[in-house]
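**Q** Dumping the structure here so I can ask a few things about it.
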Amino acid sequence: MPVIGLTGGIATGKSAFSRLLREQWPMDHFDSDRCVHDLLATDDQVRDVIVAAFGDAACDDTGRPDRVKLRALVFADESRRRTLESILHPIVRARWTALAETARKTGGWLLIDIPLLYETGAEAQMDRVIVVACHRDTQLSRLTRERGLAAETAMGIMAAQLDLGGKIQKADYVIWNDSTVPNLDGQSRILAASLRRNFA
């Protein structure tokens, strides 16, 4: 059974599509963003390494790494972004790699949501890759209007990711999410049917 990678750009709608797809075709799911969130919130070793690298300016009042403060620090300085990635990415990769190995042994289905899938070379371990994409203006609007980010911060995050056009060219499946939730749901049904035909 397949290990399926899900990627795209920030604010393209990966989480919404993941939920809709799993409603159509239930499967195990690994969310890299959720894993990072949990590491920052609960892993003391990760906290200590981040504090050593970035200082107390990266932490909240309780001394834990603060995602908002970290984001402001790393997207203003590429070297700091790479430092943070070198701390978090190996841990996240080890966790989804273990799940992928188990899925292949047991015949289960696994959906792995990795925003930087192509940037980190993770596609080599996927049987299929889905890219959720939208227009660049749509991304920027979602980040500034819905998530409240400053335009400069939003554009910095977008610039740090591989161009969506490049991801689309590499993908096995492309989901276009410039429209409504019902439209996205329709695409999830079509893709679930395709997966059934090819792998079930």
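Bear in mind these aren't lab numbers, they're just calculated from the coordinates by the rules spelled out. Note that the coordinates shown come from a computational prediction; the quantities given were computed from them, not determined experimentally. Note that we place each Cβ from the backbone using ideal geometry, even for glycine, and neighbour counts take in every protein chain shown.
**Q** Within region 30-63, can you find the residues that are surrounded by 17 or more Cβ atoms within 10 Å (Cβ to Cβ) and under 23 Å from Cys134 (Cα atoms)?
**A** Scanning region 30-63 gives Phe30, Asp31, Ser32.
**Q** Give the number of residues within region 1-41 that are farther than 19 Å from Leu184 by Cα and in a helix (DSSP H, G or I).
**A** 10
**Q** What are the residues in region 90-105 that are over 17 Å from Leu195 (Cβ atoms) and touching a residue at least 24 places away in the same chain (Cβ under 8 Å), if any? Let's see the steps before the verdict.
**A** Start the filter on region 90-105 by keeping residues that are over 17 Å from Leu195 (Cβ atoms), which leaves 90-99, 101-102, 105.
Listed by number, the residues that qualify are Ile91, Val92, Arg93, Arg95, Trp96, Thr97, Leu99.
**Q** Then there is this: Output the number of residues of region 73-92 satisfying the condition of being more than 16 Å from Pro115 (Cα to Cα), out of contact with any Lys or Arg (no Cβ under 7 Å at 6 or more places or on another chain), surrounded by 16 or more Cβ atoms within 10 Å (Cβ to Cβ) and among the aliphatic types (A, V, I, L, M).
**A** Looking only at region 73-92, we keep the residues that are more than 16 Å from Pro115 (Cα to Cα), and these are 73-74, 76-80, 83, 87.
Subset that is out of contact with any Lys or Arg (no Cβ under 7 Å at 6 or more places or on another chain): 76-80, 83, 87.
Narrowing the set further to residues that are surrounded by 16 or more Cβ atoms within 10 Å (Cβ to Cβ) leaves 80, 83, 87.
Next cut, among the aliphatic types (A, V, I, L, M) only: 87.
Counting residues in region 73-92 that are more than 16 Å from Pro115 (Cα to Cα), out of contact with any Lys or Arg (no Cβ under 7 Å at 6 or more places or on another chain), surrounded by 16 or more Cβ atoms within 10 Å (Cβ to Cβ) and among the aliphatic types (A, V, I, L, M) gives 1.
**Q** Within region 124-137, can you find the residues that are over 13 Å from the mean Cα position of the chain (by Cα) and either under 21 Å from His89 (Cα atoms) or touching a residue at least 60 places away in the same chain (Cβ under 8 Å) (or both)? Reasoning before the result, please.
**A** Residues of region 124-137 that are over 13 Å from the mean Cα position of the chain (by Cα), as a first pass: 124-128, 134-137.
Scanning region 124-137 gives Ala124, Gln125, Met126, Asp127, Arg128, Cys134.
**Q** Tell me, which residue of region 61-76 that is of a type outside the set (Gly, Ala, Ser) and touching a residue at least 60 places away in the same chain (Cβ under 8 Å) is nearest to Gln45 (Cα to Cα)?
**A** If we filter region 61-76 for residues that are of a type outside the set (Gly, Ala, Ser), which is where we start, we get 61-62, 64-71, 73-75.
Next, only the ones that are touching a residue at least 60 places away in the same chain (Cβ under 8 Å) stay: 71, 75.
Numbers: Arg71: 20, Phe75: 23 Å.
Here the residue is Arg71.
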